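Worksheet: one structure, shown below.
The values are calculated or read from the model by the stated rules, or taken from the named source; none is laboratory data. All of these numbers come straight from a predicted model, not from anything done at the bench. Note that each Cβ is placed from the backbone with ideal geometry, even for glycine, and that neighbours are counted across all protein chains shown.
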Amino acid sequence: MKKVSFFIFYDARSGSTYLANQLIKNYNIWIPPENNIVSLLVSSFGNENKYFPELLIDKIYQDEKFADWQMERAKTEQLFDDKKKCRVSEFLNILFEGYLNEVDKKGCVFGIKKGSYLNYWKQVDDLFPESKYVCLIRDGRAVFNSKKRSLYSKTGRPFEKDPTSAASLWVKSVREIRNLKKHKPHQTHVIKYEDLIQNHEDELRRVAEFVGGNVKPILSRDDVFLIDRYKQFNSHQNIDKPPLPENLAKWKNGLTRKELVQYEAIAGRTLLNEGYQLETGRFRRALGVLHSYVSRK
């Protein structure tokens, strides 16, 4: 039975679609369009008990993004003709195998890209204990700048316009990634977006080797991760362009001084811990005051 080989975790606008697309186009790897079926099933049913497949099928077809897999319900139901009851993990593995057969990708290393699954990584690990995790981190200020200027496909509005909210979410994502790496060190590979852009081929090869062992590069294929309904929002215009290292610092001109101060006031320590330099002095001054206070004690 085909199982998930790896998951890609990240904060939105961290370059995950670019990474997924490059893996698909250059290696024997397949990553389907994003949906919410894993988190839906985990939050609704867990993985301890067995359920009628019809109940689980009803739940996944409530997710509008599952339609992007283009699996007819009748064919999905046929996958479970010989199953009276099954756990969520077994249900998903059967579903994934059926999907890969449907799109003629059964021989590929199979991965799932979904940033919000990072919040469920313990449940995901319970479902797929042999899976690996590729975690993508990008400078949080660049993430926020991208969120400001990109439209969310579901609402048609910017992902985020509040620097404090964006900073808090980024810090939470990085902490979860580091927590996952701590608990699953051999199953987790952390990659910086900046390294992916500056050392493109080497970083891509490392990810491919990590998720698939001896996955061999193949000639660039016509497969592309991005689906048509996302293209109208122009939020992935660089997906098929060569790496553009000169764009890594575009956020410095895209964020106002006020936004930078607000962002770094919350995310400053995490930015420094991840090797990113601060642009404002507010956080550094706050650390100095705290250090002086502690020293006097």
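Residue by residue through segment 66-90, note down the ones that are assigned to a loop (DSSP other than H, G, I, E, B) and surrounded by fewer than 16 Cβ atoms within 10 Å (Cβ to Cβ). Answer for segment 66-90, where residues must be assigned to a loop (DSSP other than H, G, I, E, B) and surrounded by fewer than 16 Cβ atoms within 10 Å (Cβ to Cβ): GLN70, GLU72, ASP81, ASP82, LYS83, LYS84, LYS85. Consider segment 244-297 and keep the residues that are modelled with pLDDT under 95, more than 22 Å from LYS161 (Cβ to Cβ) and among the small types (Gly, Ala, Ser). The one that is farthest from the chain's Cα centre (by Cα) is SER295. Reported count of residues in segment 22-63, each being closer than 30 Å to ALA208 by Cα and part of a helix (DSSP H, G or I), is 12.
Scanning segment 133-146 for residues that are assigned to a helix (DSSP H, G or I) and either surrounded by fewer than 22 Cβ atoms within 10 Å (Cβ to Cβ) or not basic (Lys, Arg) (or both) yields GLY140, ALA142, VAL143, PHE144, ASN145, SER146. None of SER116, SER173 is of a type in the set (S, T, N, Q), buried (at least 18 other Cβ atoms within 10 Å of the Cβ) and within 17 Å of the chain's Cα centre (by Cα) except SER173. In segment 106-132, the qualifying residues are those that are among the small types (Gly, Ala, Ser) and not in a helix (DSSP H, G or I), and the one that is farthest from VAL211 (Cα to Cα) is GLY107.
Taking first residues from segment 167-184 that are of a type in the set (Asp, Glu) and partners that are assigned to a helix (DSSP H, G or I), the Cβ contacts under 6 Å between residues at least 6 apart in sequence or on separate chains come to GLU176/LEU118. Scan segment 262-278 for residues that are part of a helix (DSSP H, G or I) and either in contact with a Gly (Cβ under 6 Å, 6 or more places away or on another chain) or crowded, with 17+ Cβ neighbours inside 10 Å (or both) and the total you get is 8.
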